[in-house]
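Structure record follows, encoded as structure tokens.
The values are calculated or read from the model by the stated rules, or taken from the named source; none is laboratory data. The structure displayed is predicted, hence computed values, not measured ones. Quick reminder, even Gly has a Cβ in these numbers, built from the backbone with ideal geometry, and neighbours come from all protein chains shown.
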């Protein structure tokens, strides 16, 4: 029997480790599929006969598809069973990834990424709220850290291993292997993840023309989403082209890039643990510190790019600080949104997050073409400052941490 955040229980139910680990595995596969082109830019560019900047735009196509489709599709499927949807979405992601592996041309890859973006947007509109429905409110921070941990592991193992497989077996084989793993993931989710009852499932559907009741948490949710969008625009402006930066500006041999990305991911996992264990109940403070340290480390990376020891150290610290940001933002979102608003809030958050990813990749492509690689970290830092200002505004606007984090 599944536990929900809205079911009255006389005692706290067992922590749903198996279900949350299944969600984390699904997140791992989804994020790996989204970011795989980042590590395979040169290989895909040569094979498809297009520039590296055009391959970078595949991330933009994927993300903007999420932006356009996630919120309306979430509203349309509001009363559909979430468990079955997650299984079906993973199957669609597998098909999309297989089509990318078999693509005869760049245009075909774009079409396959659009299909994947539709599924990915639905996935993220469901998965964050799903974790919140599995546990009581006081355990949301822990549950989110486990679920989002799948994304961190994607950076630790998924992207570096995908890059390695692409270099050894070819980029098409790397995507093909991932497609098979996504089908296996769908089976695991089907067998292991418990179904949940949401507060909206117990409510009658509104009649046509009936007014929707106002939710007092909307403004705070929108502010959290805005912080996510600005932060992700900055991050993906730079990270989409991190492989050329490592090889061209830092002089890292191509054979060592996957190892360095692995270290970046390990640092991100440490940041994830810190976010869940130290700042789980204080996301405001955690966000401020993570943004400041991220900005400082990226600045050091840009300034000392030609000094390997300092640059690699700054790169790892960047991974540590940035690794804390997604779980802190997701925890703040689920604490902020009322239970009845969580699915919609997650859809809005997914939209804003992918506006950041797609916008960052697009802006990065333009800046890369016009100003070169060293312009990318400078723009990233400016946007981190803007995100920090927004976080401080949220703190002033809500008057007390409890009103938002609560």
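Points to keep in mind about this one:
- You will find that of 279, 341, the residue that is in a loop (DSSP other than H, G, I, E, B), farther than 23 Å from residue 41 by Cα and either touching a residue at least 12 places away in the same chain (Cβ under 8 Å) or under 18 Å from the mean Cα position of the chain (by Cα) (or both) is 279 and no other.
- Flag if residue 133 is over 19 Å from the mean Cα position of the chain (by Cα) and closer than 13 Å to residue 23 by Cα: yes
- Residue among 63, 53 that alone is closer than 30 Å to residue 255 by Cα, surrounded by fewer than 23 Cβ atoms within 10 Å (Cβ to Cβ) and at pLDDT below 85: 53
- Single condition residue 237 does not satisfy, out of (1) surrounded by fewer than 24 Cβ atoms within 10 Å (Cβ to Cβ); (2) closer than 20 Å to residue 31 by Cα: (1)
- Test for residue 222: is it surrounded by fewer than 19 Cβ atoms within 10 Å (Cβ to Cβ) and either free of Cβ contacts under 8 Å to residues at least 40 places away in the same chain or in contact with a strand residue (DSSP E or B) (Cβ under 9 Å, 6 or more places away or on another chain) (or both): no
- Odd one out for residue 78 among (1) in a loop (DSSP other than H, G, I, E, B); (2) more than 30 Å from residue 191 (Cα to Cα); (3) touching a residue at least 12 places away in the same chain (Cβ under 8 Å): (2)
- Matching residues, the stretch 299-334, being touching a helix residue (DSSP H, G or I) at 6+ places or on another chain (Cβ under 7 Å) and outside any helix (DSSP H, G or I): 304, 305
- A single member of 175, 108, 169 is at pLDDT 80 or above and either crowded, with 24+ Cβ neighbours inside 10 Å or touching a helix residue (DSSP H, G or I) at 6+ places or on another chain (Cβ under 7 Å) (or both), and it is 175.
- Among the helices (runs of 4 or more DSSP H) confined to the stretch 112-195, there are none with at least 2 residues that are within 14 Å of residue 33 (Cα to Cα) and free of Cβ contacts under 8 Å to residues at least 40 places away in the same chain.
- Taking first residues from the stretch 385-406 that are farther than 14 Å from residue 227 by Cβ and partners that are at pLDDT 80 or above and surrounded by 12 or more Cβ atoms within 10 Å (Cβ to Cβ), the Cβ contacts under 8 Å between residues at least 6 apart in sequence or on separate chains come to 401/284.
Residues are listed down the side, and each one gets a yes or a no for (1) touching a strand residue (DSSP E or B) at 6+ places or on another chain (Cβ under 6 Å); (2) more than 28 Å from residue 165 (Cβ to Cβ); (3) at pLDDT 85 or above:
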{"residue": "14", "(1), (2), (3)": "no, yes, no"}
{"residue": "45", "(1), (2), (3)": "no, no, yes"}
{"residue": "59", "(1), (2), (3)": "no, no, no"}
{"residue": "70", "(1), (2), (3)": "no, yes, no"}
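A quick yes/no check of all residues on (1) crowded, with 23+ Cβ neighbours inside 10 Å; (2) over 22 Å from the mean Cα position of the chain (by Cα); (3) modelled with pLDDT under 90; (4) under 28 Å from residue 104 (Cα atoms):
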site: 152; (1), (2), (3), (4): yes, no, yes, no
site: 185; (1), (2), (3), (4): yes, no, no, yes
site: 198; (1), (2), (3), (4): no, yes, yes, no
site: 202; (1), (2), (3), (4): no, yes, yes, no
site: 254; (1), (2), (3), (4): no, yes, yes, yes
site: 266; (1), (2), (3), (4): no, no, yes, no
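- Taken over the stretch 293-320, the criterion of being surrounded by fewer than 24 Cβ atoms within 10 Å (Cβ to Cβ) and under 20 Å from the mean Cα position of the chain (by Cα) is satisfied by 293, 295, 316, 317, 320.
- For the stretch 358-382, the set of residues classified as buried (at least 24 other Cβ atoms within 10 Å of the Cβ) and farther than 14 Å from residue 242 by Cα consists of 358 only.
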